[in-house]
1. Any idea which residue in segment 24-39 is surrounded by the most Cβ atoms within 10 Å (Cβ to Cβ), counting only those that are in a helix (DSSP H, G or I) and in contact with a strand residue (DSSP E or B) (Cβ under 7 Å, 6 or more places away or on another chain)?
2. Filter segment 264-284 down to residues that are under 26 Å from the mean Cα position of the chain (by Cα) and exposed (fewer than 13 other Cβ atoms within 10 Å of the Cβ) and give me whichever is farthest from residue 164 (Cα to Cα).
3. Taking residue 348 as meeting all but one of (1) surrounded by 13 or more Cβ atoms within 10 Å (Cβ to Cβ); (2) part of a helix (DSSP H, G or I); (3) modelled with pLDDT under 80, write down the number of the exception.
4. Quick check on segment 246-260: of everything there that is touching a strand residue (DSSP E or B) at 6+ places or on another chain (Cβ under 9 Å), at pLDDT 90 or above and not in a strand (DSSP E or B), which residue is surrounded by the fewest Cβ atoms within 10 Å (Cβ to Cβ)?
5. If you go through segment 304-321, how many residues are more than 20 Å from residue 123 (Cα to Cα) and touching a residue at least 12 places away in the same chain (Cβ under 8 Å)?
6. Can you tell me which residues in segment 331-341 are on the phi < 0 side of the Ramachandran plot and surrounded by 17 or more Cβ atoms within 10 Å (Cβ to Cβ)?
7. Looking at 63, 93, 54, which is the one that is in contact (Cβ under 8 Å) with a residue 12 or more places away in the chain, closer than 28 Å to residue 206 by Cβ and in contact with a strand residue (DSSP E or B) (Cβ under 9 Å, 6 or more places away or on another chain)?
8. Out of (1) part of a strand (DSSP E or B); (2) over 21 Å from residue 146 (Cα atoms), what's the single condition that is false for residue 194?
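The values are calculated or read from the model by the stated rules, or taken from the named source; none is laboratory data. Remember, predicted model here, so these are calculated numbers, not experimental data. Reconstructed Cβ throughout: ideal geometry from the backbone, glycine too, with neighbour counts over all protein chains shown.
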């Protein structure tokens, strides 16, 4: 991922920058807010902005909003009071990072901001067949639609396609259509000219131009509104885009990959997705089966994540024990690979023996491995008894549920939203409200 550091690289902020590089980030740097805005309007697309709270954070965020730049901003500072940190969140920062930085927190924040998963790991015959098909079409320029349930690894497969394509030396640019508000998405895709709208103080390059010569991933494309779908279709047909406020089209050479966790043909039938756009994107379709349908991957993924999170957290690399693997293979994995990843991350932190045991595996909705079998439910007790919630306000129950779900997912916003059955945008809005009210919101982890 690429991170823009706003502030001096001397002192603790420089240490955060060095840790970020150590975690695989590529850095851009700006001395002040105006220089940062110039960088954000340029052709280099960054995944996150790390800004010193000593600078005018509120102005930076508001200027980005006016210019429709949807990059997440992370505030940071030394000896910052809780009140000042809360104010940074109210000013629009996604997270607050205390300085001097903690290596594990840097890793979690960078993963969350980039929403970038690990390398592709596959051992199950079903997944190996899919990879052979992916490798067969990777070098073509045809559009590819990657479908599958949330958490199956659609972006990982998209990156695999790019790495094995003739465009591998070019940029891979990802745009999450579900995570960016509708009023910002068009500018993010196509860019804008100076004066295109109130706040557009300079030209800004969009994701299409940033991906010129490379690959553009339109993640969760089913969330795009119909009006913008029409503009996207024209861009794909004509191989040119129109910046907002522009007077002439701009030619682009981009390969399009798209992902969706919905049945796009069903969306076409419902009238929420354009049929012509569907056929334009679906030249090649790669469907990733859910983890429960490829059990051969569970062991390989568990061992991969165990090694990775031991390294990230500077902990001993413990093997995953046979009893733990049996427990993992028996789980339903409603959250797919993302849920397995969080489960192993949690187990790495909890394990204290020579290996990760069954007692270290905590599964959502399942009793701990060492717990006795639950007693039969009394026939007179209503199924799903909620009597303990009587007397609490609805908004308090909702807040508790959201916060506890975030603790369970180790701060993973995307996974938490999937479990709660709400959009990632709705979840982030609620968390921002909670932070403004002084609620302790769990920090972000891998999204």
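1. 36
2. 266
3. (3)
4. 249
5. Residues that pass the stated criteria total 7.
6. Listed by number, the residues that qualify are 331, 335, 337, 338, 339, 340, 341.
7. On inspection, the qualifying residue turns out to be 93.
8. (1)
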